[in-house]
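A.B. asks: Got a structure for you, written out below as structure tokens; questions coming shortly.
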């Protein structure tokens, strides 16, 4: 399969994360492969709390930062020989760093989880009700296990629950 994953680093805080781009690339590809996605293109923007707060307020009416937001593209068929644009994922450094510390987990694992979560949203998964949430979380666990990352939902009620 052919995937184009465009990674933009907008916040200097992300420079603290070792092998940042490889971590994002690996998690995104794992989620796309696990879901047998067609050749696809996504954008991952590694930003900060202020940017996510603005996006969250504008798109969801919630005036506070969140860890990850996904913006699926309109479902259109890509011209032959080109990847289908799935959409954008935006992740906030300060929130991710804080949540990882609160849960005593490596920031790389938490970031990988949020990338997988974001890709699943781009592929049409959601967690608006309990049934959808269970299905999405099961997919996340499955993908993360293949990456050697422990179940992020093992302890319910933690801050890691993506938006």
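The values are calculated or read from the model by the stated rules, or taken from the named source; none is laboratory data. Keep in mind that what you see is a predicted model, and the values were worked out from it rather than measured. Cβ placement follows ideal geometry from the backbone for every residue including glycine, while neighbour counts extend to all protein chains displayed.
A.B. asks: Name the residue that is surrounded by the fewest Cβ atoms within 10 Å (Cβ to Cβ), counting only residues in region 1-30 that are touching a residue at least 60 places away in the same chain (Cβ under 8 Å) and farther than 24 Å from residue 49 by Cβ.
C.D. replies: 2
A.B. asks: Condition test on residue 131, is it in contact with a helix residue (DSSP H, G or I) (Cβ under 7 Å, 6 or more places away or on another chain) and part of a helix (DSSP H, G or I)?
C.D. replies: The answer is no for residue 131.
Residues checked against (1) in contact with a strand residue (DSSP E or B) (Cβ under 9 Å, 6 or more places away or on another chain); (2) modelled with pLDDT of 90 or more; (3) surrounded by 13 or more Cβ atoms within 10 Å (Cβ to Cβ); (4) farther than 21 Å from residue 86 by Cα:
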{"site": "130", "(1), (2), (3), (4)": "no, no, no, yes"}
{"site": "135", "(1), (2), (3), (4)": "no, yes, yes, no"}
{"site": "140", "(1), (2), (3), (4)": "no, yes, yes, no"}
{"site": "162", "(1), (2), (3), (4)": "yes, no, yes, no"}
